[in-house]
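J.: Below you'll find the structure I mean.
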Amino acid sequence: MVAAVSTPDQDPVIRRLREQISDVDRSIVDAVNRRLELVEQLKRYKDTRGIAFVDPEREEWMFSYQSRANRGPLSDDGLRAFYAELLALTKREVT
């Protein structure tokens, strides 16, 4: 029998899992920031050569590549929604 804990914050399993989730979230933010830095570099380079910033074929390739690599539990629909938001965020943030 598992002893009841008065609040979720006092439960060691909940605390441990929340800490792990926070660590992953921090890694995600770090990765997105690094991605934005790289995309900014790419955009500046493309601008100097008169190349369009947005490349729909490349965007579709990126999704397909990640879709093949995805082992779940993220669904294909979830991955597509994630990439759609990531690309929209990138276009808003990189000026």
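J.: Could you list, in sequence order, the residues of the range 58-95 that are of a type in the set (A, V, I, L, M), under 14 Å from the mean Cα position of the chain (by Cα) and within 16 Å of Val39 (Cα to Cα)?
T.: Listed by number, the residues that qualify are Met62, Ala84, Leu86, Leu87, Ala88, Leu89.
J.: Ok, one more. Just give me the residues in the range 45-75 being under 15 Å from Lys91 (Cα atoms), out of contact with any Phe, Trp or Tyr (no Cβ under 8 Å at 6 or more places or on another chain) and surrounded by 11 or more Cβ atoms within 10 Å (Cβ to Cβ), in sequence order.
T.: Hits for the range 45-75 are Phe53, Val54, Asp55.
J.: Another one. Can you name every residue in the range 18-46 that is over 15 Å from Leu86 (Cα atoms) and of a type in the set (Lys, Arg)?
T.: Arg18, Arg26, Lys43, Arg44, Lys46, listed by residue number.
Computed from the coordinates by the stated procedures, all read-outs in this text should not be read as laboratory data. As the structure is a computational prediction, the values presented were derived from the model and not from experiment. Please note: Cβ atoms are built from the backbone with ideal geometry, for glycine as well, and neighbour counts cover all protein chains shown.
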